[in-house]
Amino acid sequence: MVKDAEAIAAGFDPEKPLLILDADEVLLRFMEALEAYLLGEGYELRLKSFAITGNVYDRHGVLVAADHVRELLSSFFTARTRDIEPVPGAADALAALSADWQIVVLSNVPSAQREARAANLAGHGMPYPVIASKGGKGEFVATLTAGLKAPTVFVDDLPPHHASVARHAPATHRLHMVADPRLAALLPPAPDAHVRIDDWAAAHDHIRTLAGGIRLRP
Ligand SMILES: [Mg+2]
């Protein structure tokens, strides 16, 4: 909620750079976990495009309707949010960056699962505050970065969030990351991101170069 973003932003050091991270497909292997869950429920995810709706089939090979996919996603978050595996290298990269950067996770996880998400991340060595957002992330990022004098960086796999941040918080540097290699192959670089990097070793090096810089202009 935006209220949570305001509360967390109140504790920021305005002189210290800020890293705002998505969770699914940036810190956590969401698609692998969803696939495994769906298989257990008798469904198959066929990744023909960068989408969930339109790619789920039942055991008879029949395409599952959008409403039912939404219900399956909701059950997935309830059942599995606590137990999703981390993206390789993410925890180490963030531990190294945290010497210079303030870090917050901005995730469109259902708000009822916010605590499970934070516990899951902390269990994998990523004990950072988690904000449960909804819809486009631009207004959340604008709230989090208001009043900061140091560089701010946003990392997400979904192009619409980069567009939203470009609109509402244009001075924030936008890194497009798609951790799952199969998904990465299906999705071109987000037009509203400054850079596309799909692995954490390279992302770490890129983000480090930004720490000492002045805030980027739109
Ligand atoms: Mg994501």
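The values are calculated or read from the model by the stated rules, or taken from the named source; none is laboratory data. Values in this document were obtained by computation on a predicted structure and should not be read as measured data. Virtual Cβ from ideal backbone geometry, glycine too; neighbours counted across all protein chains shown. Please note that ligands, DNA and RNA were not included when accessible areas were found on the heavy atoms of the full protein model with its side chains. Shrake-Rupley method; radii C 1.70, N 1.55, O 1.52, S 1.80 Å.
Residue check: is Val155 open to solvent by less than 20 Å² (accessible area, probe 1.4 Å) and in a helix (DSSP H, G or I)? Let's see the steps before the verdict.
Details: open to solvent by less than 20 Å² (accessible area, probe 1.4 Å): yes; in a helix (DSSP H, G or I): no.
When the stated conditions are applied, Val155 does not pass them.
How many residues does segment 111-127 contain that are crowded, with 17+ Cβ neighbours inside 10 Å and assigned to a loop (DSSP other than H, G, I, E, B)?
Here is the first cut: in segment 111-127, the residues crowded, with 17+ Cβ neighbours inside 10 Å are 113-114, 116-118, 120-121, 126.
Adding the requirement that they be assigned to a loop (DSSP other than H, G, I, E, B) leaves 126.
Residues meeting the conditions: 1.
Right, Gly136: in the same structural domain as Ile207 (by TED's automatic domain parsing) and at pLDDT below 95 or not? Before the answer, list the steps.
Details: in the same structural domain as Ile207 (by TED's automatic domain parsing): yes; at pLDDT below 95: no.
No: the conditions fail for Gly136.
Per-residue answers, yes or no, for (1) more than 14 Å from the ligand (Cβ to nearest atom); (2) in contact (Cβ under 8 Å) with a residue 40 or more places away in the chain:
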{"position": "Ser74", "(1), (2)": "yes, no"}
{"position": "Phe77", "(1), (2)": "no, no"}
{"position": "Ala93", "(1), (2)": "yes, yes"}
{"position": "Ile103", "(1), (2)": "yes, yes"}
{"position": "Leu121", "(1), (2)": "no, yes"}
{"position": "Thr145", "(1), (2)": "yes, yes"}
{"position": "Lys149", "(1), (2)": "yes, yes"}
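Residues Leu94, Leu144: which one is closer than 18 Å to Leu27 by Cα and either assigned to a helix (DSSP H, G or I) or not assigned by TED's automatic domain parsing to the domain that holds Asp13 (or both)?
Details: Leu144 fails: closer than 18 Å to Leu27 by Cα.
Only one candidate passes the filter, namely Leu94.
So Ala51 fits all but one of (1) modelled with pLDDT of 95 or more; (2) in a loop (DSSP other than H, G, I, E, B); (3) within 16 Å of the ligand (Cβ to nearest atom); what number is the exception?
In the conditions (1) modelled with pLDDT of 95 or more; (2) in a loop (DSSP other than H, G, I, E, B); (3) within 16 Å of the ligand (Cβ to nearest atom), Ala51 misses (1) alone.
Out of all the residues in segment 192-208, is one or more in a loop (DSSP other than H, G, I, E, B), within 14 Å of the ligand (Cβ to nearest atom) and farther than 29 Å from Arg82 by Cβ? Show your work before the answer.
Within segment 192-208, the first condition is being in a loop (DSSP other than H, G, I, E, B), and the residues that meet it are 192-194, 197-199.
Remaining after also requiring within 14 Å of the ligand (Cβ to nearest atom): 193, 198.
With farther than 29 Å from Arg82 by Cβ added as a condition, the list becomes 193.
Among the residues of segment 192-208, at least one is in a loop (DSSP other than H, G, I, E, B), within 14 Å of the ligand (Cβ to nearest atom) and farther than 29 Å from Arg82 by Cβ, which makes the answer yes.
Say we look at segment 172-191 and pick out the residues that are open to solvent by 20 Å² or more (accessible area, probe 1.4 Å) and touching a residue at least 24 places away in the same chain (Cβ under 8 Å); which of these is farthest from the ligand (Cβ to nearest atom)?
Among residues in segment 172-191 that are open to solvent by 20 Å² or more (accessible area, probe 1.4 Å) and touching a residue at least 24 places away in the same chain (Cβ under 8 Å), the one farthest from the ligand (Cβ to nearest atom) is Pro191.
Could you grab me the full set of residues in segment 25-46 that are open to solvent by less than 20 Å² (accessible area, probe 1.4 Å), assigned to a loop (DSSP other than H, G, I, E, B) and closer than 27 Å to Arg196 by Cα?
Glu25, Val26, Leu27
Of the residues in segment 4-40, how many are aliphatic (A, V, I, L, M) and within 16 Å of the ligand (Cβ to nearest atom)? Break it down into steps so the answer makes sense when it comes.
If we filter segment 4-40 for residues that are aliphatic (A, V, I, L, M), which is where we start, we get 5, 7-10, 18-21, 23, 26-28, 31, 33-34, 36, 38-39.
Subset that is within 16 Å of the ligand (Cβ to nearest atom): 19-21, 23, 26-28, 31, 33-34.
Selection size over segment 4-40: 10.
What's the total number of residues in segment 1-21 that are part of a loop (DSSP other than H, G, I, E, B) and open to solvent by less than 50 Å² (accessible area, probe 1.4 Å)?
If we filter segment 1-21 for residues that are part of a loop (DSSP other than H, G, I, E, B), which is where we start, we get 1, 10-17.
When the remaining residues are screened for being open to solvent by less than 50 Å² (accessible area, probe 1.4 Å), the result is 12, 14, 17.
So the answer is 3.
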